[in-house]
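This report concerns only the one structure given below.
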Amino acid sequence: MFCEFILSMRIRVSSRGFDDLFRRCLRVAGKWVRILLHFLKMRESCLRVIRPSLEFDEEVSVR
């Protein structure tokens, strides 16, 4: 969404200014991607701990 906003502003901003804005947008997006990946890894490791008990519960409920 944020990058689309910057892309729509491209018309009003000179190409040099747009390049700077675009780089800033990529830097912010990169930070968020890193945070999300870290969160997903944490979640995955938590699920590995929880999953065996969940699978056991499912087997019991199926019977």
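The values are calculated or read from the model by the stated rules, or taken from the named source; none is laboratory data. Not measured: the values here are computed from a predicted model. Note that we place each Cβ from the backbone using ideal geometry, even for glycine, and neighbour counts take in every protein chain shown.
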Search region 23-43 for residues that are surrounded by 10 or more Cβ atoms within 10 Å (Cβ to Cβ) and pair each with any residue that is part of a helix (DSSP H, G or I) when their beta-carbon atoms are under 7 Å apart and the residues are at least 6 apart or on different chains. 25/2; 25/3; 25/6; 29/3
Residues of region 23-57 classified as at pLDDT 80 or above and either over 13 Å from the mean Cα position of the chain (by Cα) or of a type outside the set (Gly, Ala, Ser) (or both), total: 18
